[in-house]
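Trainee: Let me begin by handing over the structure; questions about it come next.
Here, each number is a calculation from the coordinates, and none is a lab measurement. The shown structure was predicted, so the numbers you read here are calculated from the model rather than taken from an experiment. Because the Cβ atoms are built from the backbone with ideal geometry, glycine has one as well, and the counts that use them run over all protein chains shown.
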Amino acid sequence: MDEQTHNDDCSFPGNVCNKLMNTDGVLESHKSFSEEGYQKKHQSIRNAECHYSCDICHKSYRQNSDVKKHEYKQGGEHRYLCDVCNKLFCQVNKLKMHHFVQSGKRPYVCEICNKFFSQPGNLKRHNHIHSGERPYSCDLCHKQFTLKADVMKHLRIHSGERPYVCKVCDKAFNQPSNLKRHHRIHSGERPYPCDVCHKKFTLKADLMKHLRIHSGERPYVCKVCDKSFSQQSSLKRHHRVHSGEDPSSSFTDITTH
């Protein structure tokens, strides 16, 4: 037993542990614990030194069973081993989930789009896409998100945190995906080719913009004169015609991408 357990509010004279009881019946039951045999066992536990300790936090206990209970609560007892990658888990159900990932099994199916998932939690999060549910919101601007991870990413906009740093030029980014795209500037990689003219692009978004040249699509429409444009930047520049600003300043046409 933990010493703290025996230091609860108590003041009954003559008891072994001075523990207070709220009814006579409970007190009599507890006093029977002091009978010969039980009392000796109880006393030996109380008087024993704390020989057992947690390997993680080093908290000490009188009994090994108490250490085991503590380690289980803390998740410190990693006794379940994955025979594929030797990763250790503290609970058998976590090992089972891990096995699904390793095996490639995806037993959880979305009833709407038939997409498969290895874990029920992933399916639940995916269902938010179809329902439109956004259960996570930013405490600062109240913008809502489908995934909790997206809230955490969004918060870096407010904090200015940029933990992802380019090892080549030391430029910092708030998202790992932005850093990955930035790396292509240094590597010269252009992984997105146009199927029509085979021109290659660094970003997928630039490829999508370029494809409008071939398709003739003009999704950006001026609300004043109904003139349409293939690029949003071209529409913004056009707006300056109506506002009286210089249309050529600050914008570069990207329709040639």
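Trainee: In sequence order, what are the phi-derived ³J(HN,Hα) couplings for region 210-222 according to the Karplus relation 6.51 cos²θ - 1.76 cosθ + 1.60 with θ = phi - 60°, rounded to whole Hz, with x for glycine and proline?
Mentor: Karplus-based 3J(HN,Hα) across region 210-222 equals 4, 4, 5, 5, 6, 7, x, 5, 9, x, 9, 10, 6 Hz.
Trainee: Report, by chain and number, residues whose modeled amide H sits under 5 Å from the one on K227, excluding near sequence neighbours (fewer than 5 apart, same chain).
Mentor: Under 5 Å from the amide H of K227: C222.
Trainee: For Y164, list long-range residues whose amide hydrogen, built 1.01 Å from N in the peptide plane, is under 5 Å from its own amide hydrogen.
Mentor: Close amide H contacts, sequence-distant or interchain: F173.
Trainee: Additional query: Which pairs break 31 Å Cα to Cα here: K204/K236; K87/K180; K148/K223; K96/K171; K87/K124?
Mentor: Exceeds cut-off: K148/K223; K96/K171.
Trainee: Please give the contour-minus-distance gain from S177 to V109: 0.36 nm per residue of separation, less the Cα-Cα distance, rounded to one decimal in nm.
Mentor: Gain on stretching S177 to V109: 21.7 nm.
Trainee: Could you give the length gained on full extension between K148 and I185, defined as 0.36 nm per residue of separation minus the Cα-Cα distance, in nm?
Mentor: 10.3 nm
Trainee: So, how do all the Cα-to-Cα distances of region 145-184 break down into 10 Å bins, in percent, from 0 on up?
Mentor: Taking all Cα pairs of region 145-184, the binned fractions are 30, 49, 20, 2 percent.
Trainee: Roughly speaking, what is the stretch gain from L155 to V92, that is 0.36 nm per residue apart minus the C-alpha to C-alpha distance, in nm to one decimal?
Mentor: Residue separation times 0.36 nm, minus the Cα-Cα distance, leaves 19.2 nm.
Trainee: What does the net charge come to around L147 if you take all other residues with beta carbon closer than 12 Å to its beta carbon, with K and R at +1 and D and E at -1?
Mentor: My count for the surroundings of L147 gives +3.
Trainee: Okay, moving on. What is the sum of charges around N174, taking Lys and Arg as +1, Asp and Glu as -1, for the other residues whose C-beta is under 11 Å from the C-beta of N174?
Mentor: My count for the surroundings of N174 gives +2.
Trainee: To continue, here is another question. Let me spell out the model: positive unit charges on the Cβ of Lys and Arg, negative unit charges on the Cβ of Asp and Glu, origin at the Cα centre of region 78-132. What dipole size does that give, in debye rounded to 20?
Mentor: Dipole of region 78-132, to the nearest 20 debye: 100 debye.
Trainee: Something else now. Starting from the amide H of S137, placed 1.01 Å from N in the peptide plane, find each other amide H under 5 Å away whose residue is 5 or more places distant or on another chain.
Mentor: F145
Trainee: Rounded to the nearest 0.05, what FRET efficiency do Q102 and S228 have when you use their Cβ-Cβ distance and R0 = 35 Å?
Mentor: Efficiency computed from Cβ-Cβ geometry: 0.10.
Trainee: Only Cα pairs under 8 Å and at least 6 apart count here; give the relative contact order of region 78-132 as a rounded whole percent.
Mentor: 21 percent
Trainee: Find, among the trypsin sites (Lys or Arg not before Pro) in region 193-223, those assigned to loop by DSSP (not H, G, I, E, B) with at most 15 other beta-carbon atoms within 10 angstrom.
Mentor: In loop regions of region 193-223 (DSSP not H, G, I, E or B), the sparsely surrounded trypsin sites (Lys or Arg not before Pro) are K199, K223.
Trainee: Out of all Cα-Cα pairs in region 154-249, roughly what percent, to the nearest whole number, are more than 22 Å apart?
Mentor: 54 percent
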